[in-house]
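For reference, the structure discussed in these notes is given below.
The values are calculated or read from the model by the stated rules, or taken from the named source; none is laboratory data. Because the structure is predicted, anything quoted here is derived from the model rather than measured. Counting neighbours? That spans all protein chains shown, and the Cβs are built from the backbone with ideal geometry, glycine included. Heads up: the accessible areas ignore ligands, DNA and RNA and are worked out on the full protein's heavy atoms, side chains in. Shrake-Rupley method; radii C 1.70, N 1.55, O 1.52, S 1.80 Å.
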Amino acid sequence: MLLLEAIQKAEELRKELKYHSDLYYNQDAPVIDDFTYDKMMRELEELESEFPELITDDSPTQKVGGQAGEKFSPVAHTVKMESLHDSFSFEELRDFDRRVREAVGDVDYVVEPKIDGLSVSVEYRNGVLTRASTRGDGDTGEDITDNILTINSLPHRLKNAPAFLEVRGEVYMSFKSFEQLIKRQEEKEEKPFKNPRNAAAGSLRQKDSRITAQRDLDILVFNIQQIEGKALNSHKESLDYVKSLGIPTAFYSSFNNIESVIEEIKKIGDNRGEYSFAIDGAVVKVDSLSMREELGSTAK
């Protein structure tokens, strides 16, 4: 591709991605699926890799797509809430595995379902839930503490808790709760949400937490962002610890080879119709936290 063509194509992709990113992150009203969006993002990444002079500071490849809204107080994230690197084939996963092993040697992976919801941070001080926030742009999110407190499955107090704990999770609406909400909206002749993800995001951003409480939201935690008072060495150990505190997590499994990882991803995909929540893929993480530091971040 000639440079002039690349410039034009990159500009078109940036415009499209920014438009759809705003619909997804800020308006909770996406009009394309995640796969289509991710393919466009990958095309832009490849163009910018071939022509580095096309990279701009405001390119969608350089930042998370959301932004803190004006409805809630801003929250600066001490640990950046990053996004995931997307893979579209098992061969890409095998390439990833080869690069990891070349860098750090033998490695274990943890595989989890990727919940299709809204990413949030929840903070506990001395076992008490003190603050919750949206991801926003990764650096700054929105304070949604009152709304998070309406989620019945999330404990407000933890027993035998560390001095400080920040976890990251995905707020979602189950298929059953979504069907009940749609029925109520139709009875009231209101415009219904298109899917559970939109419903969860729209419900969590209600200024009146009493409305949020009526929406029957749920949460699954998938990461520890910060912890004081306890040492953890692996991702699986951290999830086991979170579960021991009574905080809900999704299911997860660890494997020591990439082919077993691929089989687990296939299994998650084959069984997606059996879950009570929507997923949009699977997540593969290097288990060792020290290895992760050595490898560095794969996020935008």
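Just to be sure I understand, how many residues within region 272-297 are open to solvent by less than 60 Å² (accessible area, probe 1.4 Å), without any contact (Cβ under 8 Å) to a residue 60 or more places away in the chain and either within 18 Å of the chain's Cα centre (by Cα) or farther than 29 Å from ASP106 by Cβ (or both)?
0
Select from region 118-153 the residues that are assigned to a loop (DSSP other than H, G, I, E, B), buried (at least 19 other Cβ atoms within 10 Å of the Cβ) and not small (Gly, Ala, Ser) and list them in ascending order. So that I can check it myself, show each step before the final result.
At the first step, the residues of region 118-153 found to be assigned to a loop (DSSP other than H, G, I, E, B) are 126-127, 135-139, 144, 149-153.
Going one step further and asking which of them are buried (at least 19 other Cβ atoms within 10 Å of the Cβ), we end up with 135-136, 138, 144, 150-151.
Selection gives ARG135, ILE144, THR150, ILE151.
When region 194-228 is examined, which residues are found to be in a loop (DSSP other than H, G, I, E, B), out of contact with any strand residue (DSSP E or B) (no Cβ under 7 Å at 6 or more places or on another chain) and touching a residue at least 40 places away in the same chain (Cβ under 8 Å)? Write out each step before concluding.
Restricting attention to region 194-228, the residues satisfying the condition of being in a loop (DSSP other than H, G, I, E, B) are 194-195, 205-208, 214-217.
With the extra rule that they be out of contact with any strand residue (DSSP E or B) (no Cβ under 7 Å at 6 or more places or on another chain), the set shrinks to 194-195, 205-208, 214-216.
The answer is LYS194, ASN195, ARG205, GLN206, LYS207, ARG215, ASP216.
Is it fair to say THR56 is β-branched (Val, Ile, Thr) and modelled with pLDDT of 85 or more? Even if it seems obvious, please write down each step before you answer.
Values: β-branched (Val, Ile, Thr): yes; modelled with pLDDT of 85 or more: no.
So THR56 does not fit the description; no.
Take the residues of region 233-264 that are among the β-branched types (Val, Ile, Thr) and outside any strand (DSSP E or B): which is surrounded by the most Cβ atoms within 10 Å (Cβ to Cβ)? Can you show your working first?
Restricting attention to region 233-264, the residues satisfying the condition of being among the β-branched types (Val, Ile, Thr) are 242, 247, 249, 258, 261-262.
With the extra rule that they be outside any strand (DSSP E or B), the set shrinks to 242, 247, 258, 261-262.
Working: VAL242: 22, ILE247: 22, ILE258: 20, VAL261: 24, ILE262: 19.
Applying the filter and picking the extreme gives VAL261.
Here's the yes/no breakdown for (1) assigned to a loop (DSSP other than H, G, I, E, B); (2) of a type in the set (Phe, Trp, Tyr); (3) at pLDDT 85 or above:
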| residue | (1), (2), (3) |
| --- | --- |
| GLU11 | no, no, yes |
| LYS15 | no, no, yes |
| TYR19 | no, yes, yes |
| ALA29 | yes, no, no |
| PHE35 | no, yes, no |
| MET40 | no, no, yes |
| GLY65 | yes, no, no |
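Which residue, of ILE224, ILE219, ILE211, is open to solvent by 50 Å² or more (accessible area, probe 1.4 Å), closer than 30 Å to HIS20 by Cα and β-branched (Val, Ile, Thr)? Even if it seems obvious, please write down each step before you answer.
Numbers: ILE224 fails: open to solvent by 50 Å² or more (accessible area, probe 1.4 Å); ILE219 fails: open to solvent by 50 Å² or more (accessible area, probe 1.4 Å).
Being open to solvent by 50 Å² or more (accessible area, probe 1.4 Å), closer than 30 Å to HIS20 by Cα and β-branched (Val, Ile, Thr) holds for just one of ILE224, ILE219, ILE211, which is ILE211.
Filter region 9-38 for residues that are open to solvent by 50 Å² or more (accessible area, probe 1.4 Å) and among the charged types (D, E, K, R) and give the result.
Of everything in region 9-38, those that are open to solvent by 50 Å² or more (accessible area, probe 1.4 Å) and among the charged types (D, E, K, R) turn out to be LYS9, GLU11, GLU12, LYS15, GLU16, LYS18, ASP22, ASP33.
Could you please let me know if PHE96 is open to solvent by 10 Å² or more (accessible area, probe 1.4 Å), assigned to a helix (DSSP H, G or I) and of a type in the set (Phe, Trp, Tyr)? Steps first, please.
Working: open to solvent by 10 Å² or more (accessible area, probe 1.4 Å): yes; assigned to a helix (DSSP H, G or I): yes; of a type in the set (Phe, Trp, Tyr): yes.
In short, yes.
Residues in region 190-213 that are more than 23 Å from VAL31 (Cβ to Cβ) and not basic (Lys, Arg): how many?
Counting residues in region 190-213 that are more than 23 Å from VAL31 (Cβ to Cβ) and not basic (Lys, Arg) gives 5.
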